[in-house]
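The values are calculated or read from the model by the stated rules, or taken from the named source; none is laboratory data. This is a predicted model, so every value here is computed, not measured. Heads up, the Cβs are rebuilt from the backbone with ideal geometry, glycines too, and the neighbour counts pull from every protein chain shown.
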């Protein structure tokens with residue numbers, strides 16, 4: 001049985017269109033999507049380390065810092081961060097809120113009433129600064145994941 005040329009062309013065009021739409025629907029950079037999810041999952045947990053005063057001899061005191069980071073379901077690119085310090089052997093929560101995660105820079109940023117904390121993910125470390133509104137760096141923060 002022979003098929004007319006028109007039928008063959010119609011089937012070929014139809015199949016090509018179907019394949020093209022299927023290819024377009026496939027994420028073009030699965031590693032980028034995976035790394036965002038991977039980085040965000042790497043951030044979840046408890047981070048401990050030092051929050052060191054940049055200028056000595058001020059009212060600022062070096063502290064042992066504790067940051068608890070969790071994903072926020074349905075809010076990709078945002079993390080819930082609870083920050084605290086250790087005083088007299090006890091953890092004191094200083095505050096909690098949503099922080100932005102920038103996958104390109106691999107940073108988390110918390111806008112606080114007194115300034116901004118920006119921490120960069122480097123392997124198993126988070127390192128960054130607490131900067132006052134006048135752009136003065138008040139603290140250097142170095143954390144390692146403990147869980």
- Note on the structure: Filtering region 67-125 down to residues that are touching a strand residue (DSSP E or B) at 6+ places or on another chain (Cβ under 9 Å), in a loop (DSSP other than H, G, I, E, B) and over 23 Å from residue 137 (Cβ atoms) yields 72, 75, 76, 77, 124
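Let's see how each residue does on (1) at pLDDT below 95; (2) touching a helix residue (DSSP H, G or I) at 6+ places or on another chain (Cβ under 6 Å); (3) farther than 12 Å from residue 47 by Cβ; (4) surrounded by fewer than 16 Cβ atoms within 10 Å (Cβ to Cβ):
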{"position": "65", "(1), (2), (3), (4)": "no, no, no, no"}
{"position": "73", "(1), (2), (3), (4)": "yes, no, yes, yes"}
{"position": "108", "(1), (2), (3), (4)": "no, no, no, no"}
{"position": "116", "(1), (2), (3), (4)": "no, no, yes, yes"}
{"position": "126", "(1), (2), (3), (4)": "no, no, no, no"}
{"position": "130", "(1), (2), (3), (4)": "no, no, yes, no"}
{"position": "145", "(1), (2), (3), (4)": "no, no, no, no"}
- Task: State whether one or more residues within region 78-91 are at pLDDT 95 or above, surrounded by 11 or more Cβ atoms within 10 Å (Cβ to Cβ) and in contact with a helix residue (DSSP H, G or I) (Cβ under 8 Å, 6 or more places away or on another chain).
- Result: yes
